[in-house]
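Below is one structure, written out as C-alpha cells; the observations come after it.
The values are calculated or read from the model by the stated rules, or taken from the named source; none is laboratory data. Computed from a predicted model, the values in this text were never measured in an experiment. Here Cβ is always computed from backbone atoms with ideal geometry, including for glycine, and neighbour counts include all displayed protein chains. Only protein heavy atoms, including side chains, enter the accessible area calculation; ligands, DNA and RNA are left aside. Shrake-Rupley method; radii C 1.70, N 1.55, O 1.52, S 1.80 Å.
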Amino acid sequence: MHTHHHHLAEDDRSPTRALVNRLLSSLPEEEQGQLARLGEIVKVEVGDVLYEPGQTVRHVYFPLDCLLSLLAVAEGRMTLEVGSVGREGMIGAPVVLGHELAQVRAVVQRAGRAVRIDAGEFRLAYARMEPLQRLLHRYTDTLLAQAIQIAVCSRFHVLEARLARSLLITRDRLQSDKFHLTHEFLAHALGVRRVGVTKAASALQNQKLISYSRGNIEILDAAGLEAVSCRCYELVKDEGLIGISNVFV
C-alpha cells in the first residue's frame, strides 16, 4: 500500500467535496487536532485487504473518499457483506475494547484515501477523550444493528431484493448513480454464486431499473429499485431507523 503523507493528489475525483471524515469532523476541534497529529493519510487501491479475520489489527482507518466492504468469512472461502464503510465511518473501533484481532475481512471497494492511526495510539487517545467515547458507542451500536439486519435479510429475503438493497446503499455511500462493481465482488458480498448475481442483475435490468455491463452499473430508476428492494434498505439507509445519521445526533 502506498503511503502519501498529507499531500493530496491533484486529480481528486470530486474536487468540490472537501476530504473529510464525518466521524472525525463531528468531534470537538481539540480532539480532532489530537487525532490529526496521530494520523497519516494513506492511499488504498481496489481489492486491498486491510483486515483479515483472526489477524492483529495494527491500524484503524477513517475513509476520506474510499469505500470499504466488511465481509464475514466462513471456511476461508464463503463470504457475506455485513457492512460498508465510507467517509461517514471507520474500521477498527473494537480495538478500544481490547479486541486486538479483526473479526471481519475489510476490503477496498473503491480506491481513495483514508486517515490511518496506529491501533495502540488510538486506544490511548480513546481512553482520555470522552467525546470520542460517546461517538464510537453510537457508531459501533449502529454498525452492529445493521450487521444483524443484513444477516436476517441474507437468510429470508430473495436475491433480487438483496441486490437492490446493496446497490442502493453503495449509491448512497458514493453519492453517485454510477459505479463499478464486478459480478465477482457482488457474489462475495451477497454470499451467492456468480450465476445468481447474473440472474438477479438481469431481472433488475429487464425492469429498466439499472443498466449493467462489464461491472459498470448505473441506477436508472432509484424509486423503482427501492420498490423492489426489501424493507431492509428503509431501515439501514442513512436516515433510516438504524441508519448512520443516528450516530450524529
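What does the convex hull of the Cα atoms of the range 103-249 come to per residue, in Å³, rounded to a whole number?
Per residue, the Cα convex hull of the range 103-249 comes to 125 Å³.
Please work out how much length the chain gains when fully extended from D118 to Q55, using 0.36 nm per residue of separation minus the C-alpha to C-alpha distance, in nm with one decimal.
Contour length minus Cα-Cα distance gives 21.2 nm.
Rg and Dmax of the range 104-154, Cα atoms, in Å?
Both quantities, over Cα of the range 104-154: 14.2, 39 Å.
Rounded, prolate or oblate: which fits the range 145-214, taking a ≥ b ≥ c as square roots of the Cα gyration tensor eigenvalues, rounded meaning a/c under 1.5, else prolate when a/b beats b/c?
It comes out oblate by the Cα gyration axes.
Can you tell me the accessible area per residue over the chain, all protein chains present, probe 1.4 angstrom, in square angstrom?
So the chain comes to 50 Å² accessible per residue, rounded to a whole number.
Which one, G86, G112, G76, has the greatest fluctuation when you compute a Gaussian network model over the chain with C-alpha springs under 10 angstrom?
Among G86, G112, G76, the largest GNM mean-square fluctuation belongs to G76.
Give the aspartates and glutamates reachable from K199 as a straight Cα distance under 14 Å; neighbours fewer than 8 places away on the same chain don't count.
E160, E184
What size of dipole, in debye to the nearest 20, comes out for the chain about its Cα centre when the only charges are +1 on Lys and Arg C-beta atoms and -1 on Asp and Glu C-beta atoms?
Here the chain has a charge dipole of around 640 debye.
Return the Cα extents of the range 127-185 along principal axes one, two and three, sorted largest first, each rounded to a whole Å.
Computed over the Cα atoms, the extents are 45, 28, 17 Å.
Ignoring everything except DSSP H segments at least 4 long, calculate the 222 nm mean residue ellipticity for the chain; use -39,500 (n - 2.57) per segment, divide by total residues, nearest 500.
-12500 deg cm²/dmol
Which residue, I244, V197, T140, has the largest displacement toward the positive end of the dipole of the chain when charges sit on each Cβ (Lys, Arg +1; Asp, Glu -1)?
The Cα lying farthest towards the positive end belongs to V197.
Explain nothing, just compute: Karplus ³J(HN,Hα) = 6.51 cos²θ - 1.76 cosθ + 1.60, θ = phi - 60°, for every residue of the range 117-126 in order, whole Hz, x for Gly and Pro.
10, 4, 4, x, 5, 5, 4, 5, 4, 4
Roughly how tilted is helix 194-206, in degrees to the nearest 10 and between 0 and 90, from the longest Cα axis of the chain?
That works out to roughly 70 degrees.
Just to be sure I understand: with springs between alpha-carbon atoms less than 10 Å apart, which residue in R231, R173, R116 has the highest mean-square fluctuation in the Gaussian network model of the chain?
R231
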